[in-house]
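*Asks:* My structure is below; once you've seen it, I'll send some questions.
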Amino acid sequence: TTYSFLAQDSTGSLDIFSTLSGLGYTPTVGDAISVSGTYSPYHQIPEIATITSISLHSAGNAFSPPGVYTIPTLTASGTGPIPQSLAGQLVTLDNVSLYTDSAATIPVSGNFATHANVALYAKDGSGNIMEVYDWASSYSTCGALGGTPIPTGLIDITGFLSQSGTFAPEITPFSITSVPEPSTLALSALGGLALLLKFRRQK
């Protein structure tokens, strides 16, 4: 019953949280908007809520892709505030594996829980670990994972950071994408080379 979306300008990014009821407009990706409401950060996510007005200036604008970060960068603040350069931003964490325990010793298996919040843990090739919080009770992108297989190989995670109390920053996923196996990449490269040679012969 409530919308949550990220709005970004040249100075940073934040979350807009509202039912949008009675406001006459629902934003889509690429819209340039003006919003009025109450600034009310939640779990260190910079957020505007209790929206009093929202309006469209233009549609179809280009938007920035998420920045790619490492676990040490995303968790560098420890139990302190999330840096403003990361808070409210869409971020991507590349080439990590998921585990069920905070020590990242038990690999995941089975499916994402349906209609339930789940804490998993991402570990990179250097052994760095951070929590992945599938916040299904608050975000439809997380809820949509319910009942689908949890990826067991290398993955990329795109989402946003939040932080509760004295815990370290966690990433809430908007999407989780499996990384192709090296052999698949090699075959793709060979296929591309063969295709290129074929085109050259036809010239």
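*Asks:* Give me a comma-separated list of calculated 3J(HN,Hα) values for segment 105-111, in order, Karplus coefficients 6.51, -1.76, 1.60 applied at θ = phi - 60°, integers in Hz, x for any Gly or Pro.
*Replies:* Karplus-based 3J(HN,Hα) across segment 105-111 equals 10, 10, x, 6, 7, x, 10 Hz.
*Asks:* Mind telling me which of 172, 158, 73 comes out most flexible in a GNM of the chain, alpha-carbon contacts under 10 Å?
*Replies:* Answer for the Gaussian network model of the chain: 73.
*Asks:* Scale the Cα Rg of segment 80-186 by the rule-of-thumb value 2.2 N^0.38 Å and send over the ratio, two decimals.
*Replies:* Rounded to two decimals, the normalised Rg is 1.05.
*Asks:* How much net charge surrounds residue 121 when only the other residues with a Cβ under 13 Å from the Cβ of residue 121 are counted, with Lys and Arg +1 and Asp and Glu -1?
*Replies:* -4
*Asks:* With the full set of protein chains in place, find how many percent of the accessible area of segment 97-144 is carbon and sulfur; take the probe as 1.4 Å.
*Replies:* 48 percent
*Asks:* What net charge is computed for the residues neighbouring residue 65, neighbours being all others with C-beta under 15 Å from the C-beta of residue 65, Lys and Arg scored +1, Asp and Glu -1?
*Replies:* That works out to -2.
*Asks:* Still on this structure, please answer the following. For the peptides 17-27, 85-95, what is the packing order when you average, over each peptide's residues, the other Cβ atoms within 10 Å and list the highest mean first?
*Replies:* Top of the packing list down: 85-95, 17-27.
*Asks:* Give the accessible surface of segment 68-110 per residue, rounded to a whole number of Å², with probe radius 1.4 Å and ligands, DNA and RNA excluded.
*Replies:* Value for segment 68-110: 47 Å² per residue.
*Asks:* Within segment 73-100, what residues put their amide N at less than 17 Å from the label point 7 Å along the Cα-to-Cβ vector of residue 126?
*Replies:* Only 73-78, 92-97 fall inside the zone, counting backbone N under 17 Å.
*Asks:* How high is the FRET efficiency between residue 58 and residue 140 when r is their beta carbon distance and R₀ equals 30 Å, given to the nearest 0.05?
*Replies:* So, using R0 = 30 Å, E works out to roughly 0.70.
The values are calculated or read from the model by the stated rules, or taken from the named source; none is laboratory data. Since we're looking at a predicted model, the values are computed, not measured. Using ideal geometry, Cβ is built from the backbone for each residue, glycine included, and neighbour counts are taken over all protein chains shown. SASA here: full protein model, heavy atoms, side chains in, ligands and nucleic acids out. Shrake-Rupley method; radii C 1.70, N 1.55, O 1.52, S 1.80 Å.
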